[in-house]
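Undergrad: Let me begin by handing over the structure; questions about it come next.
Values in this text are rule-based calculations from the coordinates and carry no lab data. Please read all numbers here as calculations on a predicted model, not as lab measurements. Here Cβ is always computed from backbone atoms with ideal geometry, including for glycine, and neighbour counts include all displayed protein chains.
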Amino acid sequence: MGRRLHLTRTGGAISQDDWRTALADTPGVRLNRRTADTSDAELYDPQSKVWVPMFALADGRVSFPEVPGVHAMGHALRDAATHLARLLHARVLDDQGNPTPWSP
């Protein structure tokens with residue numbers, strides 16, 4: 001498995017209710033309609049014009065792959081993750097627990 005990034009709250013877990021509320025308020029992100037798991041979410045890829053499974057809520061944090069280009073300004077995944085992090089009062093951390101330079 002490749003490297004992952006994580007939306008993590010200091011001092012508390014991200015609840016299912018908070019996650020669903022944040023998803024509803026984030027453009028280009030929705031609950032995964034292909035699975036029965038209500039904690040997985042998809043990101044709309046504007047280049048290929050398809051919904052891609054991307055985010056997973058587990059153990060009180062949201063994880064997603066560190067795809068090529070995600071650290072570039074204007075990348076759809078970076079924009080969505082930053083927006084979600086702000087709504088969830090969370091930070092974007094790497095696998096070692098270090099914040100990304102673009103973490104809110």
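Undergrad: For the range 5-104, which trypsin sites (Lys or Arg not before Pro) are both in a DSSP coil and crowded by at most 15 other Cβ atoms within 10 Å?
TA: Listed in order of number, the matching sites are Arg33, Arg34, Lys49.
Undergrad: Rounded, prolate or oblate: which fits the range 4-93, taking a ≥ b ≥ c as square roots of the Cα gyration tensor eigenvalues, rounded meaning a/c under 1.5, else prolate when a/b beats b/c?
TA: oblate
Undergrad: Given contacts defined as C-alpha pairs under 8 Å and at least six residues apart, what's the relative contact order of the chain, whole-number percent?
TA: 34
Undergrad: Between Asp45 and Asp95, what is the label-to-label distance in nm when each label sits 7 Å out along the Cα-to-Cβ direction?
TA: Each label point is offset 7 Å from its Cα along the Cβ direction, giving 2.2 nm.
Undergrad: Fewest to most neighbouring Cβ within 10 Å: what's the order for Val67, Val50, Val29, Val62?
TA: In increasing order of surrounding Cβ atoms, one gets Val50, Val67, Val29, Val62.
Undergrad: Per the helix-only calculation at 222 nm, which mean residue ellipticity applies to the chain, given -39500 (n - 2.57) for every DSSP H run of n ≥ 4 and division by its residues, nearest 500 deg cm²/dmol?
TA: My calculation for the chain gives -6500 deg cm²/dmol from helical runs alone.
Undergrad: A follow-up question, please. Roughly speaking, what is the stretch gain from Trp102 to Ala24, that is 0.36 nm per residue apart minus the C-alpha to C-alpha distance, in nm to one decimal?
TA: 25.8 nm
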